[in-house]
1. Out of all the residues in segment 83-104, which are in a loop (DSSP other than H, G, I, E, B) and buried (at least 22 other Cβ atoms within 10 Å of the Cβ)?
2. For segment 37-60, name all the residues that are loosely packed, with under 14 Cβ neighbours inside 10 Å and within 21 Å of residue 138 (Cα to Cα).
3. With the checklist (1) among the charged types (D, E, K, R); (2) part of a helix (DSSP H, G or I); (3) open to solvent by 40 Å² or more (accessible area, probe 1.4 Å) in hand, flag the one item residue 189 doesn't pass.
4. Do we find a residue being under 29 Å from residue 120 (Cα atoms) and crowded, with 19+ Cβ neighbours inside 10 Å anywhere in segment 195-204?
5. Kindly indicate whether residue 149 is surrounded by fewer than 17 Cβ atoms within 10 Å (Cβ to Cβ) and outside any helix (DSSP H, G or I).
6. Looking at segment 130-146, can you tell me whether even one residue there is part of a helix (DSSP H, G or I) and surrounded by fewer than 16 Cβ atoms within 10 Å (Cβ to Cβ)?
7. Just give me the residues in segment 61-81 being open to solvent by 50 Å² or more (accessible area, probe 1.4 Å) and of a type outside the set (A, V, I, L, M, F, W, C), in sequence order.
8. Select from segment 45-89 the residues that are under 17 Å from residue 132 (Cβ atoms) and hydroxyl-bearing (Ser, Thr, Tyr) and list them in ascending order.
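The values are calculated or read from the model by the stated rules, or taken from the named source; none is laboratory data. The shown structure was predicted, so the numbers you read here are calculated from the model rather than taken from an experiment. Don't worry about glycine lacking a Cβ; one is built from the backbone with ideal geometry, like all the others, and counts go over all protein chains shown. Note: areas computed on protein heavy atoms with side chains; ligands, DNA, RNA excluded. Shrake-Rupley method; radii C 1.70, N 1.55, O 1.52, S 1.80 Å.
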Amino acid sequence: LVGTGLASVARRSPSRPPISRLARLSVCSVARVPTAEDVRAYSPSELEAARLQLVAALDGAEHSLASDFSVEAAQQRTHLARVLAMTLLRLGSPLDAEQTIVDALGVPRGVTGGEAARWCRARGGDAGCSSEAPLEMAFLLGVCYQKSGRTREALAAFEEVLRESEGHWRARYHTALLAIGGGRHDEGEAALRRVLACQPEHAGSLSLLARLEERQRALRNELQVPACR
């Protein structure tokens with residue numbers, strides 16, 4: 001399933017042509033596979049190189065699993081799919097990132113939102129992954145929905161993550177973004193304050209909270225201005 005999905009990822013990106021089997025092997029042989037920390041720090045050109053490496057590595061993991069299943073190989077596949085999804089999100093390809101997650105964990109066609117997030121957690125656990133790995137896949141699925149404009153599905157996925165782990169501050173932050181984007185400013189502010197209780201220096205939350213507070217001050221000042229006669 002993953003091999004097919006990855007091929008479709010390559011096909012849907014005109015500026016990112018699919019790479020041959022020989023090129024995949026060459027990429028893997030000359031450089032280590034990027035980590036999640038690498039992807040967060042990479043420039044756009046570095047992200048594109050990382051995408052090629054991760055596609056090749058994930059393809060190799062799929063072939064290994066097909067010939068000789070092991071818990072370690074399943075864990076590696078899930079890890080590589082997560083990092084590839086992160087890379088695709090940073091490259092602005094949320095639909096490709098979603099497909100990578102769906103293929104890696106075998107989410108059934110038509111299953112989305114909170115149900116898909118639950119499937120990610122269940123299948124990740126079945127594969128012997130640590131408790132954090134399937135939760136992160138469910139979170140990334142929510143980000144995919146959010147980036148592609150499917151706000152209801154995104155919120156349902158983030159709520160599923162928070163149901164499993166209330167301390168998942170990134171899922172909380174994204175619920176704040178969705179609330180503010182939907183005009184529910186009080187709800188968004190409350191979520192931001194909960195994020196800052198865990199991550200006091202989180203720049204995005206601090207910036208958004210300051211803007212919300214400035215908006216509230218402006219509204220109060222407007223209400224205090226006497227009516228013209």
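1. 93
2. Pass one, segment 37-60, residues loosely packed, with under 14 Cβ neighbours inside 10 Å: 37, 40-41, 43-45.
Matches in segment 37-60: 37, 40.
3. Single failed check for residue 189: (3).
4. Looking for residues that are under 29 Å from residue 120 (Cα atoms) and crowded, with 19+ Cβ neighbours inside 10 Å, one finds at least one in segment 195-204, hence yes.
5. Numbers: surrounded by fewer than 17 Cβ atoms within 10 Å (Cβ to Cβ): yes; outside any helix (DSSP H, G or I): yes.
It is true that residue 149 is surrounded by fewer than 17 Cβ atoms within 10 Å (Cβ to Cβ) and outside any helix (DSSP H, G or I).
6. Quick first cut of segment 130-146, residues part of a helix (DSSP H, G or I) only: 132-146.
Among the residues that remain, those that are also surrounded by fewer than 16 Cβ atoms within 10 Å (Cβ to Cβ) are: 132.
Yes, segment 130-146 has at least one match.
7. Kept after step one, since they are open to solvent by 50 Å² or more (accessible area, probe 1.4 Å), are these residues of segment 61-81: 63-64, 66-69, 71-72, 75-76, 79.
Matches in segment 61-81: 63, 64, 67, 68, 72, 75, 76, 79.
8. Initially, segment 45-89 is screened for residues under 17 Å from residue 132 (Cβ atoms), giving 71-72, 74-83, 85-86.
Residue satisfying the conditions is 78 alone.
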